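Working notes for the structure below.
Taken together, the values in this text are just the output of simple stated rules run on the coordinates, not laboratory data. This structure is a prediction, so every number in the text was calculated from the model and none was measured. Methodologically, a virtual Cβ is constructed for each residue, glycine included, from the backbone with ideal geometry; neighbour enumeration extends over all protein chains shown.
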């Protein structure tokens, strides 16, 4: 179980013409400032594609959602494609309540997001 | 600090984001004990997470050193459910001014109250007598 004190970004790896940002743990206010800063750092000079891998994200709240919305807006301004992959049922539920699933490119897993 | 009876548990938590994991664990345990399925437990836990985050952000303006939130989790019967009360000692606001933003206005932030109202059967804000707010949320099984 995650305690909330781990780094939310587990790793960043290069793939094809983009990067995969692997997140882990709970995506909430306890990590949102650090994560926002790291996302904005990536988006200063972004690759063509950014894939957010949510495989190991246990849960997310509106603080996490806010960062993704901000990252999406910034990526569009920079002509970068932001994709979300492998969200569990809890995380998907937050998108559904906020009614913003249609804003994002969402994939079942990282492999399908690479095609 | 924790006080508990068979039906009710009360926790005094520092108003700090690092307490969110503890808050979720306590809420999930109480919701399971009240008879909710895992999906509903997740929803109740998310609503409480949003409420706690709002208290830190708006009640205490993120200056929460030495500030606290008193969380009460109470099992209800006939009808079965859970009653959650969160008492803070931060800024007061008129309850009628607490509302979620228009979902068509796509921007970061402002979704917490909308999520709470979507997931719970009752969400009620009240000004406390002297300082702070009292939030009551109820979910029925």
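Normalised by 2.2 N^0.38 Å, with N the number of residues, the alpha-carbon radius of gyration of the range B:2-140 equals 1.01. Neighbour counts of C-beta atoms inside 10 Å place B:36, A:95, A:104 in the sequence A:104, A:95, B:36, starting with the fewest. Highest mobility in the GNM of chain B, judged by mean-square fluctuation with C-alpha springs under 10 Å and restricted to B:95, B:17, B:79, is found for B:79. Subtracting the Cα-Cα distance of residue B:33 and residue B:129 from 0.36 nm times their residue separation leaves 31.4 nm of extension gain. A Förster radius of 25 Å combined with the Cβ-Cβ distance from residue A:10 to residue A:109 puts the calculated FRET efficiency at roughly 0.95. The mean count of C-beta atoms from other chains within 10 Å of the C-beta of residues in A:60-68, rounded to a whole number, is 6. By the count of other C-beta atoms within 10 Å, a proxy for reagent exposure, B:11, A:103 are ordered fewest to most as A:103, B:11.
How much of the DSSP bridge set in the range A:9-114 is antiparallel, in percent, rounded to the nearest 5?
If I count the DSSP bridges inside the range A:9-114, around 25 percent turn out antiparallel.
Just checking the listed ones, B:78, B:12, B:62: in the Gaussian network model of chain B with Cα springs under 10 Å, the one fluctuating most is B:78.
Provide the convex hull volume over Cα atoms per residue for the range A:9-114, in Å³.
85
Across peptide B:55-62, the mean count of Cβ atoms from other chains lying within 10 Å of each residue's own Cβ comes to 1.
You can think of it this way: the chain between residue A:96 and residue A:78 has 3.8 nm of extra reach, that is 0.36 nm per residue less the Cα-Cα gap.
To make sure I understand, if each residue's beta carbon is the centre and we count other beta carbons within 10 Å, what order do B:29, B:75 fall in, fewest to most?
By the 10 Å Cβ count, ascending, the order reads B:29, B:75.
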